[in-house]
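The values are calculated or read from the model by the stated rules, or taken from the named source; none is laboratory data. Remember, it's a predicted structure, so these values are computed and weren't measured experimentally. Cβ placement follows ideal geometry from the backbone for every residue including glycine, while neighbour counts extend to all protein chains displayed.
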Amino acid sequence: MRLKKRYGQHILLSKGVIKAIVERLSIQEGDILLEIGPGTGNLTRELLNTPLKKLYLIEIDSQMVHELKKIEDDRVEIFLADATQFDICSLGGELKLVGNLPYNVASLIVENTVIHRKCIPFALFMLQKEVAQKLLKGPSWLSTFVRTFYDLNYVMSVPARFFFPKPKVQSALLEFVRKPDGEMIEDEKDYKRFLTKLYSMRRKAIKSKIEEDILKMANIDPLKRVEELSVAHVLLLYNLSKTHEVDKK
Ligand code: SAH
């Protein structure tokens, strides 16, 4: 089969890494999993050696789907679909997500994961190493967006030679564990708007973005730069801005 660059197809060849991924998922009897971008099914087949109850696959390439249909296991259900848009929670139940992601759309898939966080307590993604590191530390709107809802753990680096064809970048496995303190944001689209605005020109002083009286209420130095703010501070500023808006009306 010819691999397609436009779909970011880099097959994970390393049995060791595949085993490590499956172990890290600590799959229990009754678990429901969703694999994104299963491709030729290398990881899929290994997942099926666990006691999982159901395995959903989302793959955009019909040629790959054709191959995947050869897997004979009642627990598998395949969707020919785009994972950046997919309504994940419509599958029902709580899901563990896993995937060796297509790197060109990895950020969009991460964003879609956060949007569907109410049914995703756990995710494990293979990403471009730089993207993984940036999500872990920030500063970026997406990093803060993700870390508002999930604790991130860097599992391991994975060298390019473990894939075929060999990607130009190094890879890393990143784990997402949903935070227990539940829903602190009602409207994540509104929160996203706030974050993208906040993190544009993030080297500027925070007072150029947020009203001074809000900064005073939050006890944040107005000369601090946006990139120096913790997730907790950003969340506090967001919530104060919301109440402030309502007060003004
Ligand atoms: N996990 C497989 C292949 C990873 S490569 C393995 O390790 O062997 C990335 C896979 O994601 C490819 O199969 C590609 O076709 C698929 N893909 C690319 N864009 C996608 C999208 N938007 N939604 C779902 N799958 C996608």
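Are any residues in segment 115-161 β-branched (Val, Ile, Thr), more than 14 Å from residue 98 (Cα to Cα) and within 16 Å of the ligand (Cβ to nearest atom), and if so, which ones?
Once the filter is applied, which keeps residues that are β-branched (Val, Ile, Thr), more than 14 Å from residue 98 (Cα to Cα) and within 16 Å of the ligand (Cβ to nearest atom), segment 115-161 yields 115, 131, 158.
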Exercise. For segment 152-249, list the helices (runs of 4 or more DSSP H) that sit wholly inside it and hold at least 2 residues that are over 27 Å from residue 129 (Cβ atoms) and among the polar types (S, T, N, Q); which are they?
Worked result: 231-248
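Name the residue, out of 159, 165, 139, that is surrounded by 15 or more Cβ atoms within 10 Å (Cβ to Cβ) and either farther than 23 Å from residue 85 by Cα or at pLDDT 95 or above (or both). Before you say what the answer is, go through the steps one by one.
Values: 159 fails: surrounded by 15 or more Cβ atoms within 10 Å (Cβ to Cβ); 165 fails: surrounded by 15 or more Cβ atoms within 10 Å (Cβ to Cβ).
Selected residue: 139, the only one of 159, 165, 139 that is surrounded by 15 or more Cβ atoms within 10 Å (Cβ to Cβ) and either farther than 23 Å from residue 85 by Cα or at pLDDT 95 or above (or both).
Quick check on my filter: what residues within segment 1-18 are in a helix (DSSP H, G or I) and surrounded by fewer than 13 Cβ atoms within 10 Å (Cβ to Cβ)?
Within segment 1-18, the first condition is being in a helix (DSSP H, G or I), and the residues that meet it are 5-7, 15-18.
Answer for segment 1-18, where residues must be in a helix (DSSP H, G or I) and surrounded by fewer than 13 Cβ atoms within 10 Å (Cβ to Cβ): 5, 6, 15, 16.
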Problem set entry | Identity of the residue in segment 28-42, out of contact with any Lys or Arg (no Cβ under 6 Å at 6 or more places or on another chain) and surrounded by fewer than 19 Cβ atoms within 10 Å (Cβ to Cβ), that ends up nearest to residue 74 (Cα to Cα) | 29
Exercise. Which residue pairs have Cβ atoms under 6 Å apart, sit 6 or more places apart or on different chains, and have a first residue in segment 63-85 that is assigned by TED's automatic domain parsing to the domain that holds residue 50 and a second that is among the small types (Gly, Ala, Ser) and surrounded by fewer than 16 Cβ atoms within 10 Å (Cβ to Cβ)?
Worked result: 80/62
Exercise. Does segment 4-17 contain at least one residue that is within 24 Å of residue 156 (Cα to Cα), assigned by TED's automatic domain parsing to the domain that holds residue 123 and either free of Cβ contacts under 8 Å to residues at least 40 places away in the same chain or more than 11 Å from the ligand (Cβ to nearest atom) (or both)?
Worked result: yes
Problem set entry | Residues being in a loop (DSSP other than H, G, I, E, B) and in contact with a Phe, Trp or Tyr (Cβ under 8 Å, 6 or more places away or on another chain) - total across segment 64-79 | 0
Exercise. Looking at segment 80-90, is at least one residue modelled with pLDDT of 95 or more, in a loop (DSSP other than H, G, I, E, B) and of a type in the set (Gly, Ala, Ser)?
Worked result: yes
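Restricting to segment 97-122, count the residues that are out of contact with any strand residue (DSSP E or B) (no Cβ under 8 Å at 6 or more places or on another chain) and either buried (at least 22 other Cβ atoms within 10 Å of the Cβ) or under 21 Å from residue 188 (Cβ atoms) (or both). If you could, list the steps in order and put the result at the bottom.
Narrowing segment 97-122 to residues out of contact with any strand residue (DSSP E or B) (no Cβ under 8 Å at 6 or more places or on another chain): 102, 104-105, 107-108, 111-112, 115-116, 118-119.
Subsequent filtering for residues that are either buried (at least 22 other Cβ atoms within 10 Å of the Cβ) or under 21 Å from residue 188 (Cβ atoms) (or both) retains 102, 105, 107-108, 111-112, 115-116, 118-119.
The total comes to 10.
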Seminar exercise, completed: Within segment 31-63, of all residues that are assigned to a loop (DSSP other than H, G, I, E, B) and out of contact with any strand residue (DSSP E or B) (no Cβ under 9 Å at 6 or more places or on another chain), the one farthest from the ligand (Cβ to nearest atom) is 51
